[in-house]
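No value in this document is a laboratory result; all are computed from the given coordinates. On a predicted model such as this, the values are computed, not experimentally measured, just so you know. Positions of Cβ are backbone-derived with ideal geometry, glycine not excepted, and every protein chain shown enters the neighbour counts.
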Amino acid sequence: MSQILIQGGRVIDPGRGFDQTADVLIRDGVIAEIGSIPPSNQAKRIDADGCIVAPGLIDIHVHLREPDPEHDETVASGAAAAIEGGFTTICCMPNTHPPIDTAEMVEFVQHKAEQANRARVFVVGCATHQRRGERLAAIRSMAEVGAVAFSDDGDCVADASMMDHVLRTVHEVDRCFMQHCQEPTLTNGASMNAGVTATRLGLVGWPAMAEELIIERDVRLNRSIGCRYHAQHLSSGDSVQIIRRARTEGQPVTAEITPHHLLLTEDACDGYNTMAKMNPPLRTAGDIAQLKAGIADGTITILGTDHAPHPLHRKQTDFADAAFGIVGLESALPLYVKALIEDGVIDWPQMLAMMTANPAQLVGIDRLGLGSLTVGGPADLTVIDPELQWTILAEEFASPGRNCPFDGWQVKGRAIVTIVAGHPRQHRAPERAGAGA
């Protein structure tokens with residue numbers, strides 16, 4: 001019988017409003033007790049004094065690339081990166097080569113995750129065949145084998161008639177649809193936010209309207225359908241207003257944000273810095289203010305990473321030709337601390353809700369006991385030192401991706417222990433801030 005006793009931490013379970021100093025006893029992969037627990041020689045002890053003990057973090061927007069011969073990232077390396085960042089569960093996007101658009105492809109990823117035996121990996125299947133937006137993918141059979149949501153992420157379902165068909169079918173199988181909100185005819189050749197910086201750099205601008213139009217269209221289509229609809233990686237402040245209105249009307253609409261859209265503006269692209277090339281693009285300080293307001297008032301309910309590793313040669317090229325995206329699993333937690341807690345937008349329980357209970361509920365894995373700390377539930381926990389100061393060093397990531405605009409940033413807050421199904425995963429010692437940063 002294996003036992004772990006986590007002692008003296010601030011235990012926060014946002015799903016049930018629990019926030020107090022307590023001990024947590026894990027026995028055979030299950031949470032056995034939460035409260036004041038005397039030490040035992042039979043239990044491995046983890047001293048959590050000064051730390052936060054939370055449900056294992058969950059990221060519903062991750063790109064694991066496998067199978068894709070162009071990328072070094074695999075299900076195993078991505079799951080290892082998740083552990084380093086404090087994530088016990090991740091959901092992988094289907095824009096691989098070939099795409100995840102059949103039950104067999106879903107099972108392929110599930111098998112790879114089982115072999116890796118690191119973080120839990122759930123699969124998001126394609127909404128349309130080959131992500132081409134022309135006909136439905138095998139949504140029903142993918143749902144039957146465990147796909148937790150559907151998306152053509154990396155591309156938008158641009159055709160309104162097809163979008164209507166997707167929403168109805170995804171709703172029938174009781175899953176969530178995740179939209180990559182990008183009207184393609186407004187973004188041909190675009191590589192950064194439409195504004196003064198793009199004009200000065202001679203780059204094609206990407207208007208915020210391309211995001212807003214898709215969200216507006218989709219929530220109108222969904223009014224009579226009621227599918228769980230999720231807007232991925234918001235970048236525009238006006239998008240928040242559309243989401244807010246839909247939620248006020250009672251629509252099952254959610255939205256997520258990423259660290260880079262809260263901490264960086266289009267100015268990060270200056271000097272043709274390809275590490276700051278994102279999809280959707282980095283926008284303005286005004287957009288960031290509206291995004292933070294949307295988090296503060298509960299319009300935006302989920303924090304993701306959009307972890308998107310690329311080989312460096314895909315970034316070390318002309319800005320217009322460079323790949324979109326950055327890695328994010330191993331740096332997300334302290335960056336959210338910086339953007340949201342240190343800036344006074346929300347507190348720790350609110351932030352953890354957006355990284356545990358809320359995403360678990362959206363994709364239905366709360367039914368498995370994930371995203372919460374309950375006696376008898378799975379022992380997926382993250383122990384966080386909220387005061388640990390360290391330096392983000394991309395070269396030390398478990399992910400092979402090095403495309404990180406936050407490389408060298410000094411940050412505060414880090415997961416020091418990640419436990420999946422009762423198994424503690426060893427963390428690398430971080431580079432302390434100021435020690436060669």
Which peptide among 281-287, 58-64 comes first, and what is the full order, when sorted by highest mean count of other Cβ atoms within 10 Å? 58-64, 281-287
Hydrodynamic radius by Kirkwood for the range 56-368, inverse mean 1/r across distinct Cα pairs, in Å, is 19.3
Indicate, rounded to the nearest 5 percent, the antiparallel portion of the DSSP beta bridges found entirely in the chain. 50
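Going by average Cβ neighbours within 10 Å, how do the peptides 310-319, 121-130, 359-368, 38-47 rank, with the highest at the top?
On the way: 310-319: 15.3, 121-130: 24.0, 359-368: 19.7, 38-47: 12.6.
Per-residue mean Cβ counts within 10 Å order the peptides as 121-130, 359-368, 310-319, 38-47.
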Just to compare against my own numbers: the Cα pair-distance distribution for the range 80-151, 5 Å bins, whole % per bin, please. 3, 19, 27, 22, 15, 9, 4, 1
When R217, R140 are ranked with the fewest other C-beta atoms within 10 Å first, the list becomes R140, R217
Normalising by the residue count of the chain, find the relative contact order in percent from Cα pairs under 8 Å and 6+ residues apart. 19
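Can you sort V327, V375 from fewest to most other Cβ atoms within 10 Å of each residue's own Cβ? Could the numbers behind the result be given before it?
Values: V327 29, V375 12.
Result, fewest neighbours first: V375, V327.
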Roughly how many whole Å is it from the C-alpha centroid of the range 72-127 to that of the range 387-412? 22
Note down, for the range 1-115, the three equivalent ellipsoid semi-axes (square root of 5 times each alpha carbon gyration tensor eigenvalue), biggest first, whole angstrom. 36, 15, 12
